[in-house]
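Just below is one structure, and these are the notes that go with it.
The values are calculated or read from the model by the stated rules, or taken from the named source; none is laboratory data. For clarity, every value in this text was computed on a predicted model and none was experimentally measured. Cβ atoms come from the backbone with ideal geometry, glycine included; neighbour counts cover every protein chain shown. For the accessible areas, the whole protein counts, side chains as well, though only heavy atoms, and no ligand, DNA or RNA atoms are used. Shrake-Rupley method; radii C 1.70, N 1.55, O 1.52, S 1.80 Å.
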Amino acid sequence: MKLSALLISYHLQKQYDMTASMWLSSEPHLKYPVYYEGQNAMDDGLIYVIDNPDFIPPTHRLSKVFLIFTGNQFDMSVAEYPNVCILPASTLSGQVFAYLQEVFSLYEEWNQSLFESRLKNSSVQHLLNLTDHIIPNPITVIGMDFTIVATKKTSYGELKNSVLGSNEETRALVNSMKQDANYTEAYNRTGYFFYPGNDVAEPQLCVNITKFDKTVYRLMTSIGEIPLDDTFGFLLEYLARMISHALSTNTISPNDSAYSLHHIFQNLLTNSGADYVDISQQISAAGWTSAHHYQCILIKTGILDFKNLTLRSICSYVENSIPASCAIEHQDNVVVYINLDLCSLATDVISQKLASFIRDSLLNAGYSRSMLGHFNFHRQYIQASIALQVGKRVNPSQWIHYFDQIALPYILEQITKKLPAYMVGHEKLLELKHADDVNHTQLYPTVRCYLENQQNITRTAEALFIHRSTLLYRLKKIKEVLKTDFSDPDEMLYMLLSFHLIALDES
């Protein structure tokens, strides 16, 4: 296996006191060490161990070789030459030669072990384990949807469902990367590159693993024993090629304990001809019975989630935070179903746990009502969708929208889809309002206050800051215009709804 002058210098510095060129090649073009025996020409791709104090380095071609001076005092400045290092005069050239052979053997044995691992079709995790003595730093292989494929010396392997962002500790990490311009720019990088990190994410040396020219996985090395610079970059690239081969042969073991529920709900939302009786039987077999109560939450994702493929991460976080929940990706959003009877949390606690997550992740959510049984699952999804859509229009500053909070605005929108509000509202109320405008009276707000206070004279007078006799006088006038005695409950309901319709028409 060919090595670079920079890597060899790294190992020499661990063994000897030495001075080296300011420029050492990071290209792996060196094959093995040889003694310099005074020949005029130097072959490219070799390491020359030199103990002749009269040796004069050539002024060219040093970018293709690596010169190691030892065993004598050398009167030269390494700053003048690339790919040169000088060891202490007391160091024997034979000793250096033997040490270099050990270094090459180390990497050749590693290379051989990787090949044998691939011949046995071993896992990505096995490849990382074989690399621990070469690159002792923490290493992670991660999908661009933040799925953890394999880890070494990190806590990521302990994550439920093996998805970064699936718990509180790693959620902030995913959010920081999602909004990090450096992380986004790294999607298009080829070869090894340095990711500087941010306030949450630590610096890493990375290699993108592509499929059909698109980055689908990333090999990441974190801070540790070896430096995150050009020294080990080509070795990471080599390891990434081996990992890419392993990934292409499907050596990843799926870890999805809730696959059956995910599959059922995915089918329910995408298959318009789904058999609900069959679906009910499947869900019951998974332990979610028709005697349980359920709620649906639709989480609206944004452009950052789409670009950074964080939907699976969001699903895992919700499932880890809310017991008895099933979160799936649907139409670039996340749909969550919660079995409220099996869940150990009350509905208000569920809302509290998700509220900060939704806000901090720059998401929006719509909540359906709680409903009994299996046959309203799709309707609950529609209800959550309506809560989100209408809620964002009515209360755009809010992150979370409940259907019960937007039910009235939704009803008003449905009523006025074909006819404007003034053509649907109570005709006599419109006449009363017009009369107020002409005569500068206050009959319309009076009747509204009267009905909203359940026709209670005392409370209405207090709310309007008028005398009881004044209110009675106004009510007499109102009854003459409306032609009503306020005794018909259907008419009262129509009037109350009309107040909202008229207000809607004026907005």
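Relative to the Cα centre, the charge distribution of the range 381-469, modelled as +1 at Lys and Arg Cβ and -1 at Asp and Glu Cβ, gives a dipole magnitude of about 180 debye.
The length gained on full extension between R189 and L119, counted as 0.36 nm times the residue separation minus their Cα-Cα distance, comes to 22.3 nm. In whole percent, what relative contact order does the range 12-152 give with Cα contacts below 8 Å and a gap of six or more residues? Computed over the range 12-152, the figure is 20 percent.
For the range 437-450, 3J(HN,Hα) computed residue by residue from phi via the Karplus equation (6.51, -1.76, 1.60; θ = phi - 60°) reads 5, 7, 9, 6, 9, 10, 6, 5, x, 5, 5, 5, 4, 5 Hz, glycine and proline entered as x. Between the helical axis of 311-321 and the longest alpha-carbon principal axis of the chain there is an angle of about 70 degrees. The simple spin-label model puts a point 7 Å past each Cα toward its Cβ; for T347 and K14 those points are separated by 6.1 nm.
Let me check against my output: what whole-number percent is the relative contact order of the chain, with C-alpha pairs under 8 Å and at least 6 apart? With pairs under 8 Å counted, the relative contact order is 9 percent. Scaled against 2.2 N^0.38 Å for its residue count N, the alpha carbon radius of gyration of the range 362-466 is 1.48. With a/c under 1.5 counting as rounded, go ahead and sort the range 97-222 into rounded, prolate or oblate using the C-alpha gyration tensor (a ≥ b ≥ c being the square roots of the eigenvalues; past the cut-off, prolate if a/b is larger than b/c, else oblate). Prolate, because a/c is 1.5 or more and a/b exceeds b/c. Along the range 144-156 the Karplus relation, 6.51 cos²θ - 1.76 cosθ + 1.60 evaluated at θ = phi - 60°, assigns HN-Hα couplings of 6, 9, 6, 6, 7, 7, 7, 9, 9, 6, 10, 8, 5 Hz to successive residues, with x for each Gly and Pro. Against the longest alpha carbon principal axis of the chain, how many degrees, from 0 to 90 and to the nearest 10, is the axis of helix 259-270 turned? Orientation of helix 259-270: about 50 degrees from the principal axis. Suppose we look only past 25 Å in the calculated P(r) of the range 312-429. What percent of the Cα-Cα pairs does that tail hold? Above the 25 Å cut-off, the range 312-429 has 29 percent of its Cα pairs. For the chain, the residue among L354, A384, Q414 whose Cα projects farthest onto the positive side of the dipole built from Cβ charges is Q414.
Over the chain, DSSP H runs of length four or greater, each weighted -39,500 (n - 2.57), average out per residue to a 222 nm ellipticity of -14000 deg cm²/dmol. Close amide H partners of V334, meaning residues 5 or more places away or on another chain with modelled amide H under 5 Å apart, are I299, T301. Surface composition of the chain: carbon plus sulfur atoms contribute 51% of the solvent-accessible area (1.4 Å probe, protein chains only, all chains present).
Give me the distance in nm between label points sitting 7 Å out from Cα along the Cα-to-Cβ direction at A435 and I411, one decimal. Going by the 7 Å Cα→Cβ label model, 2.7 nm. Annotation for A41 and E480: the two label points, set 7 Å from Cα along the Cα-Cβ direction, are 12.2 nm apart.
Straight-line reach from K64: taking Cα to Cα under 19 Å and skipping same-chain neighbours fewer than 8 places apart, the lysines in range are K2, K31.
S469 to S356: extension gain in nm, 0.36 nm per residue of separation minus the Cα-Cα distance?
Length gained, S469 through S356: 35.4 nm.
Rolling a 1.4 Å probe across the protein heavy atoms gives the chain an accessible surface of 50 Å² per residue. Remark on V163: its backbone amide H falls under 5 Å from those of I148, a criterion applied only to residues 5 or more positions apart or on other chains, H modelled at 1.01 Å from N. Note on T184: accessible area is roughly 40 Å² with a 1.4 Å probe, heavy atoms of protein only.
Once the C-beta distance of N453 and D213 is scaled by a Förster radius of 51 Å, the resulting FRET efficiency is 0.15 to the nearest 0.05.
If you take all other residues with their beta carbon under 14 Å from the beta carbon of D230, and give Lys and Arg +1 and Asp and Glu -1, the sum is -3.
The calculated FRET efficiency for the pair D332 and T289, based on their C-beta separation and a Förster distance of 25 Å, comes to about 0.20. Computed from backbone phi, the HN-Hα couplings of the range 24-33 come to 10, 5, 9, 7, x, 10, 9, 8, 6, x Hz, rounded to whole numbers (Karplus: 6.51 cos²θ - 1.76 cosθ + 1.60, θ = phi - 60°; Gly and Pro given as x). A full extension of the chain between R241 and Y494 corresponds to an added length of 83.9 nm, given 0.36 nm per residue minus the alpha carbon distance.
How charged is the neighbourhood of L219? Take every other residue with its Cβ under 13 Å from the Cβ of L219, and add Lys/Arg as +1 and Asp/Glu as -1. List each step's numbers first, then the result.
Values: positive: K152, R189, R218, R241; negative: E237.
Every neighbour counted, the sum reads +3.
Among the lysines, which fall within straight-line cross-link reach of K353, defined as a Cα-Cα distance under 28 Å, with same-chain neighbours fewer than 8 residues apart omitted? K353 reaches K160, K178, K300, K307, K392. Here mean projected area of the Cα convex hull in nm² was calculated from the structure, and among (1) 22.7; (2) 46.1; (3) 36.6 it sits at label (3).
If you average the sequence gap of Cα pairs under 8 Å that are 6 or more apart and divide by the length of the range 310-354, what percent do you get for the contact order? Mind dumping the intermediate values first?
On the way: 51 pairs, mean separation 14.9, N = 45.
About 33 percent, as a whole number.
Straight-line reach from K479: taking Cα to Cα under 16 Å and skipping same-chain neighbours fewer than 8 places apart, the lysines in range are K428, K433.
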